[in-house]
Amino acid sequence: MSNWNCLNVGVVGGGIGGMSVAIALRRAGHAVTIYEKSDYAGEVGASVSCAANGTRWLHEWGVDVAKGDPVVLKKLINRDWKTGEPVSIYDLDDYEERWGYVYNMFHRQYMHAMLKDSALGEEGEGTPAVLKVNYRCRDINLHTGEITFENEAIAYHDLIIGADGIGSAVRGILGIRPEKKPSDQSCLHANVTTEEAVKAGLVDYSQDSALEYWGGQEGKWDKIVLSPCNGGKLLSYYCFFPREQGDYTTQSWGAESRSTDELLAPYPKLDRQVFGHLGIGKEIQPWRLWVHEPYPYIQRGNVCLLGDAGHPMMPHQSQGACMAIEDAAALGILFSRRYFSGDIRQALAVYEEVRLPRVTRVQSAAARAAYNINERIGFSCNKEIPTYRVEDQKNVLTIEEMNAYDMYKDIEEKLAVKQGQTYMGSFLCGLPVGLELPSGIVIGAA
Ligand SMILES: Cc1cc2nc3c(=O)[nH]c(=O)nc-3n(C[C@H](O)[C@H](O)[C@H](O)COP(=O)(O)OP(=O)(O)OC[C@H]3O[C@@H](n4cnc5c(N)ncnc54)[C@H](O)[C@@H]3O)c2cc1C
């Protein structure tokens, strides 16, 4: 568009979302500086999943996905709590064929390094982003675009993106006061190397290339989630249990590892194979779980929120990172030469209209899946199994909704309305009109 101009963009927070938006915006022709409060020392490893709706943007941005050393998932397996026998399996054999992209499971540090290389590297479209570490944002003047940091530095930007995670400072600066409560569920995370598990004579779960779940049925909080990463060399275990059996709501990652006794205590009846794996677990860390109600808005002035800063969610749909990547993609499109008219306010208003409904839907489905695995994308289609129960069949979140979504179409629809034009496309909120979801809903039907 004729009024496109290069913006000087400040990104507060250099995590998964911050790096992603730096890639998207440098490719769109803007000058990007990322301000990160830490120097990345002392990060703990855990898996992060990136389903097709996240992977597609990595490819569109030319990210070297192999650098993330992912495991490409072939199945989702739900196992019986005591016997370990499969109860519900969702096969991903035709996943890439159907959706065009694979389901990757990354180790968070590898994923972060992969994204950082694309954001800051000389290769790739646009000007490499600049990273400033040990810059903790203290305040932003919403009228002038001035950011002040704890180290007394000051910066000015045309557009500021708050990608500063669940404890976001930018969110408070925008005047959002989260309605939140500690979850009734607690979580400890443990790492197990495949090599040590095999040496100890235990099952080699890496062979399944699957995201595996023990329990999660019958409204119970107990659940073990196993995700393989680093090409299968590392098994990342998320171990959930009722909060009354251990409260970690005020703890954070990075402290000394908890003991395996503490990890195993809530699970006297757990399948002995996975119990054995947990028994050799390392780097045992609590993961704080807080339930946030959706925020009323995610932008004000020339500032917006992205990722966990704008919509923290429970981990049970494995979509936290994907939603941050999608946010980044939306900003990359809205500020591209094709769509940006020079009106930052309009672009951010459309960003909010496109992102809030979608993330809110994933957020609430993630809260339901915390105690009912049948609500989890994938398993939500396995209606034939005897234990299948969901709150509202018409409301379940399905793979179709996540992966058939066309963000360009969603943005075009919302932009047309803002610009007083009639949208003539055959999509509704990014989904093709006429698409029948497994929930029985047909997109666009009266
Ligand atoms: C242990 C763990 C496991 C997870 N597993 C999964 C999973 O399996 N699947 C999945 O999809 N998601 C998972 N997630 C969630 C996922 O990592 C996040 O949803 C996703 O990374 C969101 O990215 P983000 O950039 O919004 O936040 P983050 O990646 O948390 O990044 C925020 C960044 O902002 C920085 N920062 C904070 N405050 C300031 C400030 N004031 N000034 C400057 N910088 C600041 C932080 O240091 C950090 O680098 C997991 C999260 C954790 C913690």
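Every read-out reported here was derived from the displayed coordinates using simple, explicitly stated rules and does not represent laboratory data. Bear in mind that the values here come from a model prediction, so they are computed numbers and not experimental data. Ideal geometry is used to build each Cβ from the backbone, glycine not excepted, and the neighbour counts take in all protein chains shown.
Computed over the chain, the per-residue total of -39500 (n - 2.57) for DSSP H runs of n ≥ 4 gives a 222 nm mean residue ellipticity of -8000 deg cm²/dmol, rounded to 500. Per-residue packing, averaged as other Cβ atoms within 10 Å, sorts the ranges 134-147, 315-328, 172-185, 24-37 into the order 315-328, 24-37, 134-147, 172-185, beginning with the highest. Remark: the Tyr156-Arg138 segment gains 5.1 nm on full extension, using 0.36 nm per residue and subtracting the alpha carbon distance.
Here the relative contact order of segment 170-288, from alpha carbon pairs under 8 Å that lie six or more residues apart, stands at 34 percent.
Site pair Ala445 and Asp80 shows an inter-label distance of 3.7 nm when each label is modelled 7 Å from Cα along Cα→Cβ.
Relative contact order of segment 326-446: 21 percent, from C-alpha pairs under 8 Å at least 6 residues apart in sequence. Across the chain, Cα pairs under 8 Å and at least six residues apart give a relative contact order of 19 percent. The separation of segment 138-187 from segment 397-420, counted between C-alpha centres, amounts to 27 Å. Against the chain, whose longest principal axis comes from its Cα atoms, helix 16-27 is set at around 40 degrees. Extension gain, Ala41-Lys282: 0.36 nm per intervening residue step, less the Cα-Cα distance, totals 84.9 nm.
Quick check on the chain: of the DSSP beta bridges with both residues there, what percent are antiparallel, nearest 5%? For the chain, the DSSP antiparallel bridge percentage is about 70. Relative to the longest principal axis of the Cα atoms of the chain, the long axis of helix 407-418 makes an angle of roughly 40 degrees. Full extension from Asp64 to Gln273: what is 0.36 nm times the residue separation minus their Cα-Cα distance, to one decimal in nm? Full extension of this stretch gives 71.7 nm more.
Net charge of the neighbourhood of Cys137, taken over other residues with C-beta under 12 Å away and scored Lys/Arg +1, Asp/Glu -1, is 0. Here r is the Cβ-Cβ distance between Thr360 and Asp261 and R0 is 30 Å; the resulting FRET efficiency, rounded to 0.05, is 0.15.
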